[in-house]
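One structure below.
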Amino acid sequence: MTQQQWTAVDEYLNGVLVGEDAALTAALQTSEKAGLPQIAVSPTQGKLLNLLALGIGARRILEVGSLGGYSAIWMGRALPADGRLISLELSPAHAAVARANLHEAGLEKVAEVRTGRAADSLAELVDDGAEPFDLVFIDADKPSIPEYFEWSLRLTHPGSLIIVDNVIRSGAVADPDSTDPSVLGIRRLHELIAANPQVEATAIQTVGSKGYDGFTLIRVMPAA
Ligand code: SAH
Ligand code: DHB
Ligand code: MG
């Protein structure tokens, strides 16, 4: 199996199932024009986030890592009219593109992009006593994933879903001797999950237009 095949299959699936529309296409185009890295979730992955958010009836969604707002649009569209999506982004330039794209998608009333280091913004949300989130999507700097997971546990409720992107590192995640800071971050995440009786998780390896990668999916369990 090759990248070419994975991309061809994603194109087939996009055409028959995903149906990307003008706002999503424009979000990717303006992101590219602004010089942002082309690392947004793929259309099939974006729709997965949308369907998972719909499936749990998410009313409040937290994203760590906005880039140009592509994944935020997919998730924001799963919210009811009085729902809320808060997306955290370090780069003011990325945040500006994300805000414009969310506005273009008609989500300006429900979605907000907060600029700054995610660790600081997460601490602020806890300090402010933010209402718990139903869904958290962690997709920023990978070495900080364990920290973002710990904050997420303080910002969710039993039944919440936490999704972490890019957890496979082209297979390097299975290497116990890796010194790659991203691999170490993800392996630490999985150890924290394994040691925590409050959560249940799995991880899924994926192939597609973005290559070989995967998600970790974590459910905060209701008290037994
Ligand atoms: N979720 C987006 C992709 C995010 S890419 C999508 O699928 O459409 C990762 C983003 O995380 C980048 O925009 C990067 O600037 C941001 N990032 C990196 N380090 C960060 C940090 N410490 N705090 C907040 N955002 C950070
Ligand atoms: C990178 C980051 C991502 O969030 C992603 O989905 C793909 C690649 C990166 O930093 O290279
Ligand atoms: Mg990602």
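The values are calculated or read from the model by the stated rules, or taken from the named source; none is laboratory data. Please read all numbers here as calculations on a predicted model, not as lab measurements. Here Cβ is always computed from backbone atoms with ideal geometry, including for glycine, and neighbour counts include all displayed protein chains.
Per this entry, E150 is not counted among residues that are in contact with a helix residue (DSSP H, G or I) (Cβ under 8 Å, 6 or more places away or on another chain) and crowded, with 23+ Cβ neighbours inside 10 Å.
Tell me, please, whether a residue that is over 14 Å from D165 (Cβ atoms) and surrounded by fewer than 24 Cβ atoms within 10 Å (Cβ to Cβ) can be found in the stretch 64-77. The answer is yes, given that some residue of the stretch 64-77 is over 14 Å from D165 (Cβ atoms) and surrounded by fewer than 24 Cβ atoms within 10 Å (Cβ to Cβ). Count of the stretch 184-206 residues, restricted to those that are in a helix (DSSP H, G or I), out of contact with any strand residue (DSSP E or B) (no Cβ under 9 Å at 6 or more places or on another chain) and without any contact (Cβ under 8 Å) to a residue 40 or more places away in the chain, is 2.
Do we have A140 as without any contact (Cβ under 8 Å) to a residue 60 or more places away in the chain, in a loop (DSSP other than H, G, I, E, B), of a type outside the set (D, E, K, R) and within 27 Å of H103 (Cβ to Cβ) here?
Against the criterion (without any contact (Cβ under 8 Å) to a residue 60 or more places away in the chain, in a loop (DSSP other than H, G, I, E, B), of a type outside the set (D, E, K, R) and within 27 Å of H103 (Cβ to Cβ)), A140 does not qualify.
It is to be established whether one or more residues within the stretch 122-131 are assigned to a loop (DSSP other than H, G, I, E, B) and within 16 Å of ligand 2 (Cβ to nearest atom). No, because not a single residue in the stretch 122-131 is assigned to a loop (DSSP other than H, G, I, E, B) and within 16 Å of ligand 2 (Cβ to nearest atom). In the stretch 1-97, counting only helices (runs of 4 or more DSSP H) that sit wholly within it, the ones holding 2 or more residues that are of a type in the set (G, A, S) span 22-33, 43-55, 70-76. Determine, yes or no, whether T156 is more than 16 Å from ligand 3 (Cβ to nearest atom) and surrounded by 17 or more Cβ atoms within 10 Å (Cβ to Cβ). Taking the combined requirement at face value, the residue satisfies it.
Given A172, A100, A140, which one is surrounded by fewer than 18 Cβ atoms within 10 Å (Cβ to Cβ) and of a type in the set (G, A, S)?
Working: A100 fails: surrounded by fewer than 18 Cβ atoms within 10 Å (Cβ to Cβ); A140 fails: surrounded by fewer than 18 Cβ atoms within 10 Å (Cβ to Cβ).
Among A172, A100, A140, only A172 is surrounded by fewer than 18 Cβ atoms within 10 Å (Cβ to Cβ) and of a type in the set (G, A, S).
Per the listing L48, L52, L88, the residue uniquely crowded, with 21+ Cβ neighbours inside 10 Å and either hydrophobic (A, V, I, L, M, F, W, C) or touching a residue at least 60 places away in the same chain (Cβ under 8 Å) (or both) is L88.
Checked against (1) within 19 Å of the chain's Cα centre (by Cα); (2) without any contact (Cβ under 8 Å) to a residue 40 or more places away in the chain, L135 passes all but condition (2).
I'd like to check something: does the stretch 144-154 contain any residue that is touching an Asp or Glu at 6+ places or on another chain (Cβ under 8 Å) and modelled with pLDDT of 95 or more? Within the stretch 144-154, none of the residues are touching an Asp or Glu at 6+ places or on another chain (Cβ under 8 Å) and modelled with pLDDT of 95 or more. Number of residues in the stretch 160-208 that are among the β-branched types (V, I, T), farther than 17 Å from I218 by Cβ and within 16 Å of ligand 2 (Cβ to nearest atom): the value is 2.
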